[in-house]
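I have placed the structure first, in the form of C-alpha coordinates, so that the comments after it can refer back to it.
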Amino acid sequence: MSITLGKRSLKKGRVSLYIDICYKGKRKKEYLGIIMQRPDTPEIRKQNKRKMLLAQQIKAKKELEFLSSLYEINKTESSFDPLLEIKTKQDVDFFQLMDEYLEGYHKKDRKMVKASLMHLHRFYKKKKLPVSLLNKKICINYLEYLHEQLHGNTPIGYFKKFSMCIDKYVDEGILSSNPAKGIKLIQSNEVTKQILTPKEIQKLALTSCLNNEVKRAFLFSCFCGLRWCDIYKLQYKDIDFQAKRITIIQQKVQSHSRNAILHLNLSSTAIKLLLKEEETYSNKVFNLPSYSYSTRILNHWVKSSGIHKHITFHCARHSFITNIMAQGANIKTAASLAGHSTTRHTEKYIHIIDELKQKAVDSLPEINIKF
(Lines give C-alpha, C1' and ligand atoms only; values in the text may rest on other atoms or scores of the structure.)
Protein backbone atom coordinates (compact mmCIF):
# COMPACT_ATOMS: atom_id res chain seq x y z
CA MET A 1 0.00 0.00 0.00
CA SER A 2 1.36 3.42 -0.95
CA ILE A 3 0.00 6.96 -0.99
CA THR A 4 2.15 9.40 -2.93
CA LEU A 5 1.87 12.96 -4.15
CA GLY A 6 1.85 13.29 -7.93
CA LYS A 7 2.11 16.15 -10.43
CA ARG A 8 0.49 16.60 -13.82
CA SER A 9 1.88 19.17 -16.23
CA LEU A 10 -0.62 21.63 -17.68
CA LYS A 11 -0.41 24.38 -20.28
CA LYS A 12 1.72 27.50 -19.72
CA GLY A 13 4.04 25.81 -17.21
CA ARG A 14 1.36 25.09 -14.61
CA VAL A 15 1.15 21.90 -12.54
CA SER A 16 -1.92 20.13 -11.09
CA LEU A 17 -1.33 18.14 -7.87
CA TYR A 18 -2.98 14.80 -7.09
CA ILE A 19 -2.74 11.94 -4.62
CA ASP A 20 -1.82 8.55 -6.10
CA ILE A 21 -3.22 5.62 -4.08
CA CYS A 22 -1.80 2.19 -4.93
CA TYR A 23 -3.15 -0.96 -3.22
CA LYS A 24 -2.75 -4.59 -4.28
CA GLY A 25 -1.74 -3.69 -7.81
CA LYS A 26 -4.65 -1.28 -8.30
CA ARG A 27 -4.19 2.45 -8.60
CA LYS A 28 -6.45 5.44 -8.12
CA LYS A 29 -5.74 9.14 -8.60
CA GLU A 30 -7.49 11.82 -6.59
CA TYR A 31 -6.96 15.33 -7.96
CA LEU A 32 -6.84 17.98 -5.25
CA GLY A 33 -7.79 21.00 -7.31
CA ILE A 34 -4.47 22.60 -6.36
CA ILE A 35 -2.85 24.29 -9.36
CA MET A 36 0.73 25.51 -9.05
CA GLN A 37 1.46 28.42 -11.36
CA ARG A 38 4.59 28.86 -13.45
CA PRO A 39 7.24 30.15 -10.99
CA ASP A 40 8.06 33.37 -12.82
CA THR A 41 8.15 35.70 -9.79
CA PRO A 42 9.20 35.43 -6.12
CA GLU A 43 5.55 35.94 -5.08
CA ILE A 44 4.34 33.05 -7.26
CA ARG A 45 7.15 30.83 -5.95
CA LYS A 46 6.08 31.66 -2.40
CA GLN A 47 2.44 30.80 -3.23
CA ASN A 48 3.51 27.53 -4.87
CA LYS A 49 5.47 26.62 -1.73
CA ARG A 50 2.36 27.13 0.41
CA LYS A 51 0.27 25.08 -2.03
CA MET A 52 2.79 22.23 -1.91
CA LEU A 53 2.76 22.30 1.90
CA LEU A 54 -1.05 22.09 1.85
CA ALA A 55 -0.94 19.15 -0.57
CA GLN A 56 1.55 17.33 1.69
CA GLN A 57 -0.76 17.89 4.68
CA ILE A 58 -3.68 16.41 2.71
CA LYS A 59 -1.50 13.42 1.79
CA ALA A 60 -0.56 12.90 5.46
CA LYS A 61 -4.24 13.06 6.42
CA LYS A 62 -5.06 10.40 3.82
CA GLU A 63 -2.39 8.13 5.24
CA LEU A 64 -3.86 8.53 8.72
CA GLU A 65 -7.36 7.79 7.37
CA PHE A 66 -6.01 4.64 5.75
CA LEU A 67 -4.30 3.43 8.93
CA SER A 68 -7.36 4.20 11.06
CA SER A 69 -9.67 2.38 8.66
CA LEU A 70 -7.30 -0.57 8.35
CA TYR A 71 -7.31 -1.34 12.09
CA GLU A 72 -11.04 -0.74 12.58
CA ILE A 73 -12.27 -3.47 10.21
CA ASN A 74 -11.96 -6.46 12.57
CA LYS A 75 -8.30 -6.76 11.66
CA THR A 76 -9.28 -8.57 8.43
CA GLU A 77 -7.00 -6.82 5.95
CA SER A 78 -8.20 -9.06 3.13
CA SER A 79 -11.65 -7.44 3.22
CA PHE A 80 -10.27 -3.90 3.21
CA ASP A 81 -9.88 -1.93 -0.01
CA PRO A 82 -8.71 1.68 0.42
CA LEU A 83 -9.74 2.40 -3.17
CA LEU A 84 -13.29 2.02 -1.90
CA GLU A 85 -12.93 3.00 1.75
CA ILE A 86 -10.97 6.21 1.20
CA LYS A 87 -13.71 8.20 -0.49
CA THR A 88 -12.84 10.98 -2.87
CA LYS A 89 -13.92 14.17 -1.14
CA GLN A 90 -13.79 16.78 -3.86
CA ASP A 91 -14.58 19.81 -1.76
CA VAL A 92 -12.92 22.11 -4.28
CA ASP A 93 -15.09 25.21 -4.71
CA PHE A 94 -16.36 25.50 -8.30
CA PHE A 95 -16.80 29.25 -7.81
CA GLN A 96 -13.07 29.43 -7.13
CA LEU A 97 -12.37 27.39 -10.26
CA MET A 98 -14.53 29.75 -12.34
CA ASP A 99 -12.67 32.73 -10.87
CA GLU A 100 -9.38 31.13 -11.90
CA TYR A 101 -10.79 30.33 -15.35
CA LEU A 102 -11.96 33.94 -15.79
CA GLU A 103 -8.58 35.26 -14.68
CA GLY A 104 -6.82 33.36 -17.46
CA TYR A 105 -9.50 33.96 -20.12
CA HIS A 106 -8.72 36.89 -22.43
CA LYS A 107 -10.92 36.29 -25.50
CA LYS A 108 -13.43 38.82 -26.77
CA ASP A 109 -16.36 37.04 -25.09
CA ARG A 110 -14.80 37.37 -21.60
CA LYS A 111 -17.77 39.47 -20.47
CA MET A 112 -20.06 36.51 -21.14
CA VAL A 113 -17.91 34.26 -18.93
CA LYS A 114 -18.03 36.89 -16.18
CA ALA A 115 -21.81 37.27 -16.54
CA SER A 116 -22.26 33.49 -16.41
CA LEU A 117 -20.30 33.35 -13.13
CA MET A 118 -22.37 36.21 -11.70
CA HIS A 119 -25.66 34.45 -12.54
CA LEU A 120 -24.36 31.16 -11.13
CA HIS A 121 -23.74 32.94 -7.80
CA ARG A 122 -27.26 34.39 -7.89
CA PHE A 123 -28.74 30.99 -8.74
CA TYR A 124 -26.90 28.89 -6.12
CA LYS A 125 -27.08 31.55 -3.34
CA LYS A 126 -24.31 29.98 -1.24
CA LYS A 127 -20.73 31.04 -0.71
CA LYS A 128 -19.32 27.78 -2.06
CA LEU A 129 -20.32 25.23 -4.67
CA PRO A 130 -18.30 22.03 -4.04
CA VAL A 131 -17.54 20.21 -7.29
CA SER A 132 -18.82 17.02 -5.63
CA LEU A 133 -22.32 18.59 -5.69
CA LEU A 134 -22.06 19.73 -9.31
CA ASN A 135 -24.42 17.23 -10.94
CA LYS A 136 -26.79 17.17 -13.89
CA LYS A 137 -29.79 18.29 -11.81
CA ILE A 138 -28.00 21.48 -10.72
CA CYS A 139 -26.96 22.16 -14.33
CA ILE A 140 -30.56 21.73 -15.57
CA ASN A 141 -31.88 23.98 -12.80
CA TYR A 142 -29.23 26.59 -13.63
CA LEU A 143 -30.27 26.56 -17.30
CA GLU A 144 -33.94 26.97 -16.29
CA TYR A 145 -32.95 29.89 -14.04
CA LEU A 146 -31.14 31.57 -16.96
CA HIS A 147 -34.21 31.17 -19.19
CA GLU A 148 -36.38 32.76 -16.47
CA GLN A 149 -34.04 35.71 -15.95
CA LEU A 150 -32.85 36.43 -19.50
CA HIS A 151 -34.25 36.59 -23.02
CA GLY A 152 -33.44 35.44 -26.54
CA ASN A 153 -30.36 33.24 -26.94
CA THR A 154 -28.47 34.87 -24.04
CA PRO A 155 -29.30 32.02 -21.57
CA ILE A 156 -27.77 29.46 -23.92
CA GLY A 157 -24.70 31.63 -24.47
CA TYR A 158 -24.11 31.91 -20.71
CA PHE A 159 -24.74 28.19 -20.16
CA LYS A 160 -22.19 27.30 -22.87
CA LYS A 161 -19.55 29.39 -21.09
CA PHE A 162 -20.40 27.59 -17.84
CA SER A 163 -20.03 24.21 -19.59
CA MET A 164 -16.79 25.33 -21.24
CA CYS A 165 -15.33 26.06 -17.81
CA ILE A 166 -16.31 22.58 -16.58
CA ASP A 167 -14.64 21.03 -19.66
CA LYS A 168 -11.37 22.74 -18.75
CA TYR A 169 -11.30 21.17 -15.30
CA VAL A 170 -12.36 17.79 -16.63
CA ASP A 171 -9.28 17.96 -18.88
CA GLU A 172 -7.16 18.82 -15.84
CA GLY A 173 -8.57 15.88 -13.88
CA ILE A 174 -10.30 17.90 -11.16
CA LEU A 175 -13.72 16.70 -12.34
CA SER A 176 -14.31 13.21 -13.71
CA SER A 177 -16.96 14.29 -16.24
CA ASN A 178 -19.04 17.26 -17.38
CA PRO A 179 -22.62 17.01 -16.03
CA ALA A 180 -23.71 19.81 -18.39
CA LYS A 181 -23.01 17.62 -21.43
CA GLY A 182 -26.08 16.12 -23.07
CA ILE A 183 -28.48 18.77 -21.75
CA LYS A 184 -30.60 19.91 -24.68
CA LEU A 185 -30.10 23.56 -25.57
CA ILE A 186 -32.95 25.02 -27.58
CA GLN A 187 -32.03 28.15 -29.51
CA SER A 188 -34.65 30.86 -29.69
CA ASN A 189 -36.16 31.10 -33.16
CA GLU A 190 -36.86 34.78 -32.72
CA VAL A 191 -34.55 37.54 -33.86
CA THR A 192 -34.75 39.88 -30.89
CA LYS A 193 -33.04 42.80 -32.63
CA GLN A 194 -35.07 45.38 -34.52
CA ILE A 195 -35.11 45.20 -38.32
CA LEU A 196 -34.80 48.21 -40.62
CA THR A 197 -36.83 48.13 -43.82
CA PRO A 198 -35.29 49.38 -47.11
CA LYS A 199 -37.39 52.57 -46.77
CA GLU A 200 -36.02 53.20 -43.27
CA ILE A 201 -32.45 52.60 -44.45
CA GLN A 202 -33.06 55.16 -47.21
CA LYS A 203 -34.39 57.56 -44.58
CA LEU A 204 -31.20 57.14 -42.56
CA ALA A 205 -29.06 57.65 -45.64
CA LEU A 206 -30.69 61.07 -46.19
CA THR A 207 -30.34 62.12 -42.52
CA SER A 208 -27.17 63.83 -41.34
CA CYS A 209 -25.11 62.10 -38.65
CA LEU A 210 -22.66 63.47 -36.05
CA ASN A 211 -19.94 61.16 -37.39
CA ASN A 212 -19.87 60.30 -41.10
CA GLU A 213 -17.59 57.29 -40.52
CA VAL A 214 -20.21 55.73 -38.21
CA LYS A 215 -22.90 56.52 -40.77
CA ARG A 216 -20.87 55.03 -43.62
CA ALA A 217 -19.97 51.89 -41.64
CA PHE A 218 -23.54 51.25 -40.45
CA LEU A 219 -25.04 51.71 -43.91
CA PHE A 220 -22.33 49.46 -45.33
CA SER A 221 -23.33 46.73 -42.84
CA CYS A 222 -26.96 47.16 -43.95
CA PHE A 223 -25.82 46.29 -47.49
CA CYS A 224 -23.38 43.48 -46.69
CA GLY A 225 -24.25 42.07 -43.25
CA LEU A 226 -20.77 42.27 -41.69
CA ARG A 227 -20.53 42.40 -37.89
CA TRP A 228 -19.06 45.40 -36.04
CA CYS A 229 -15.84 43.51 -35.18
CA ASP A 230 -15.22 42.71 -38.86
CA ILE A 231 -16.08 46.19 -40.11
CA TYR A 232 -13.89 47.80 -37.45
CA LYS A 233 -10.86 45.82 -38.67
CA LEU A 234 -11.70 45.86 -42.39
CA GLN A 235 -8.76 46.90 -44.58
CA TYR A 236 -8.58 47.89 -48.23
CA LYS A 237 -6.37 44.88 -48.95
CA ASP A 238 -9.42 42.69 -48.13
CA ILE A 239 -11.40 44.21 -51.02
CA ASP A 240 -11.29 43.27 -54.68
CA PHE A 241 -13.04 46.25 -56.28
CA GLN A 242 -12.91 44.78 -59.76
CA ALA A 243 -14.62 41.55 -58.71
CA LYS A 244 -16.87 43.42 -56.21
CA ARG A 245 -15.89 41.03 -53.44
CA ILE A 246 -14.54 41.07 -49.89
CA THR A 247 -12.50 38.20 -48.42
CA ILE A 248 -12.08 38.20 -44.64
CA ILE A 249 -11.72 35.85 -41.68
CA GLN A 250 -14.80 36.38 -39.48
CA GLN A 251 -13.52 37.36 -36.04
CA LYS A 252 -16.43 35.91 -34.05
CA VAL A 253 -16.31 32.38 -35.48
CA GLN A 254 -12.68 32.02 -36.58
CA SER A 255 -11.89 29.45 -33.87
CA HIS A 256 -14.83 27.06 -34.36
CA SER A 257 -16.51 27.48 -37.76
CA ARG A 258 -15.55 25.89 -41.06
CA ASN A 259 -17.02 28.98 -42.73
CA ALA A 260 -14.76 31.41 -40.87
CA ILE A 261 -13.29 32.57 -44.18
CA LEU A 262 -15.98 34.64 -45.86
CA HIS A 263 -16.06 35.55 -49.58
CA LEU A 264 -18.72 38.24 -49.78
CA ASN A 265 -20.16 39.67 -52.97
CA LEU A 266 -20.91 43.39 -52.84
CA SER A 267 -23.64 45.50 -54.42
CA SER A 268 -22.88 48.77 -56.19
CA THR A 269 -24.22 50.69 -53.16
CA ALA A 270 -21.87 48.78 -50.84
CA ILE A 271 -18.93 49.58 -53.15
CA LYS A 272 -19.93 53.26 -53.15
CA LEU A 273 -19.87 53.29 -49.33
CA LEU A 274 -16.30 51.92 -49.32
CA LEU A 275 -14.86 54.75 -51.40
CA LYS A 276 -13.18 57.78 -49.85
CA GLU A 277 -11.43 60.85 -51.11
CA GLU A 278 -8.00 59.72 -52.42
CA GLU A 279 -5.99 61.75 -49.90
CA THR A 280 -7.81 60.22 -46.88
CA TYR A 281 -7.10 56.58 -47.79
CA SER A 282 -5.35 54.46 -45.15
CA ASN A 283 -5.02 50.74 -44.43
CA LYS A 284 -8.34 50.64 -42.54
CA VAL A 285 -11.52 51.30 -44.48
CA PHE A 286 -13.39 52.94 -41.58
CA ASN A 287 -11.87 55.28 -39.01
CA LEU A 288 -14.31 54.47 -36.21
CA PRO A 289 -14.45 55.56 -32.55
CA SER A 290 -15.07 52.99 -29.78
CA TYR A 291 -18.11 50.73 -29.95
CA SER A 292 -19.87 52.46 -27.03
CA TYR A 293 -19.32 55.94 -28.48
CA SER A 294 -20.38 54.74 -31.96
CA THR A 295 -23.57 53.35 -30.38
CA ARG A 296 -24.39 56.74 -28.83
CA ILE A 297 -23.86 58.42 -32.19
CA LEU A 298 -26.04 55.77 -33.86
CA ASN A 299 -28.88 56.30 -31.35
CA HIS A 300 -28.83 60.07 -31.93
CA TRP A 301 -28.80 59.57 -35.69
CA VAL A 302 -31.74 57.13 -35.65
CA LYS A 303 -33.83 59.49 -33.49
CA SER A 304 -32.99 62.41 -35.78
CA SER A 305 -34.33 60.42 -38.75
CA GLY A 306 -37.70 59.93 -37.04
CA ILE A 307 -37.33 56.14 -36.74
CA HIS A 308 -38.81 54.94 -33.43
CA LYS A 309 -36.91 51.68 -33.01
CA HIS A 310 -34.15 50.57 -30.64
CA ILE A 311 -31.32 50.14 -33.13
CA THR A 312 -27.87 48.74 -32.35
CA PHE A 313 -25.04 48.19 -34.79
CA HIS A 314 -25.90 44.49 -35.03
CA CYS A 315 -29.39 45.42 -36.30
CA ALA A 316 -27.72 46.30 -39.62
CA ARG A 317 -26.67 42.64 -40.04
CA HIS A 318 -30.15 41.36 -39.18
CA SER A 319 -31.67 43.90 -41.57
CA PHE A 320 -29.38 42.78 -44.42
CA ILE A 321 -30.26 39.08 -44.02
CA THR A 322 -34.00 39.80 -43.65
CA ASN A 323 -34.14 42.18 -46.60
CA ILE A 324 -32.29 39.90 -49.06
CA MET A 325 -34.61 37.02 -48.12
CA ALA A 326 -37.63 39.31 -48.51
CA GLN A 327 -36.34 40.13 -52.01
CA GLY A 328 -36.35 36.45 -52.95
CA ALA A 329 -32.95 35.06 -51.94
CA ASN A 330 -33.24 31.40 -50.92
CA ILE A 331 -32.09 30.27 -47.50
CA LYS A 332 -28.83 28.70 -48.75
CA THR A 333 -27.82 31.92 -50.53
CA ALA A 334 -28.71 34.00 -47.46
CA ALA A 335 -26.72 31.64 -45.20
CA SER A 336 -23.70 31.89 -47.51
CA LEU A 337 -23.81 35.70 -47.62
CA ALA A 338 -24.21 35.87 -43.84
CA GLY A 339 -21.26 33.55 -43.31
CA HIS A 340 -23.38 30.97 -41.45
CA SER A 341 -21.89 27.48 -41.36
CA THR A 342 -25.36 25.91 -41.76
CA THR A 343 -28.85 27.13 -42.66
CA ARG A 344 -29.97 26.44 -39.06
CA HIS A 345 -28.88 29.94 -38.01
CA THR A 346 -30.60 31.50 -41.02
CA GLU A 347 -33.95 29.75 -40.49
CA LYS A 348 -34.85 32.10 -37.61
CA TYR A 349 -35.35 34.88 -40.19
CA ILE A 350 -38.09 32.98 -42.04
CA HIS A 351 -40.79 33.91 -39.53
CA ILE A 352 -39.87 37.60 -39.94
CA ILE A 353 -40.40 37.30 -43.69
CA ASP A 354 -43.79 35.68 -43.05
CA GLU A 355 -44.74 38.54 -40.71
CA LEU A 356 -43.69 41.12 -43.30
CA LYS A 357 -45.80 39.37 -45.94
CA GLN A 358 -48.80 39.37 -43.60
CA LYS A 359 -48.32 43.07 -42.84
CA ALA A 360 -48.12 43.81 -46.56
CA VAL A 361 -51.42 41.99 -47.13
CA ASP A 362 -53.03 43.64 -44.11
CA SER A 363 -52.04 47.06 -45.45
CA LEU A 364 -54.44 46.69 -48.39
CA PRO A 365 -57.49 48.94 -47.89
CA GLU A 366 -60.84 47.42 -46.98
CA ILE A 367 -63.65 47.85 -49.49
CA ASN A 368 -67.40 47.59 -49.28
CA ILE A 369 -68.78 44.73 -51.32
CA LYS A 370 -72.27 44.54 -52.72
CA PHE A 371 -73.65 41.70 -54.88
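The values are calculated or read from the model by the stated rules, or taken from the named source; none is laboratory data. Values in this document were obtained by computation on a predicted structure and should not be read as measured data. Note that we place each Cβ from the backbone using ideal geometry, even for glycine, and neighbour counts take in every protein chain shown. The area values use the complete protein model at the heavy-atom level, side chains included, leaving out ligands, DNA and RNA. Shrake-Rupley method; radii C 1.70, N 1.55, O 1.52, S 1.80 Å.
Would you mind getting me the FRET efficiency between ASP99 and LEU64? Use the beta-carbon distance for r and R0 = 45 Å, nearest 0.05. Calculated value: 0.90.
First check a/c for the range 277-337, with a ≥ b ≥ c the square roots of the eigenvalues of its C-alpha gyration tensor; if it is under 1.5, answer rounded, and if not, answer prolate when a/b is larger than b/c or oblate otherwise. Verdict is oblate for the range 277-337. Helix 350-362 and the longest principal axis of the Cα set of the chain meet at an angle near 30°. Checked against a 26 Å cut-off, the cross-linked pairs LYS136/LYS348; LYS12/LYS51; LYS108/LYS332; LYS46/LYS161; LYS11/LYS62 give Cα-Cα distances beyond that limit for LYS136/LYS348; LYS108/LYS332; LYS46/LYS161; LYS11/LYS62. 7 Å from Cα along Cα→Cβ at both ALA260 and LYS136: what's the point-to-point distance in nm? Result for the modelled spin labels: 3.3 nm. Protein heavy-atom accessible surface, 1.4 Å probe, per residue over the chain: 61 Å². When the chain is treated as a GNM with alpha-carbon contacts under 10 Å, the residue of VAL113, VAL361, VAL170 showing the greatest mean-square fluctuation is VAL361. Expressed as a whole percent, the accessible area of the chain that falls on carbon and sulfur atoms is 52 (1.4 Å probe).
Here the Gaussian network model covers the chain, with springs between Cα atoms less than 10 Å apart; of GLU144, GLU65, GLU213, GLU65 fluctuates the most.
Full extension of the chain segment joining ASN283 with ASP240 gains 14.1 nm, where the gain is 0.36 nm per residue of separation less the Cα-Cα distance. Mind telling me which of PHE218, PHE313, PHE66 comes out most flexible in a GNM of the chain, alpha-carbon contacts under 10 Å? With Cα springs under 10 Å in the chain, the top fluctuation among PHE218, PHE313, PHE66 is at PHE66. Treating r as the C-beta distance of ILE186 and LYS28 and R0 as 35 Å, the FRET efficiency rounds to 0.35.
Across the chain, Cα-Cα pairs farther apart than 28 Å form 61% of the total.
Pairs with C-alpha atoms separated by more than 22 Å, drawn from the list LYS309/LYS357; LYS59/LYS125; LYS199/LYS272, are LYS59/LYS125.
May I ask you to derive the FRET efficiency for ALA115 and LEU54 from their Cβ-Cβ distance with R0 = 35 Å, giving the value to the nearest 0.05? Efficiency computed from Cβ-Cβ geometry: 0.65. Along Cα→Cβ, 7 Å out, is where each label goes; now give me the distance between the ones at GLN149 and LYS107 in nm to one decimal. It works out to 2.2 nm between the two label points. Please identify which residues in the range 194-223 have an amide N closer than 15 Å to a label point set 7 Å out from the Cα of SER290, following the Cα→Cβ vector. No residues fall inside that zone. Put a dot 7 Å past the Cα of LYS272, heading toward its Cβ, do the same for ASP354, and the two dots end up 3.6 nm apart. Volume of the convex hull of the range 1-61 (Cα atoms only), normalised per residue: 69 Å³.
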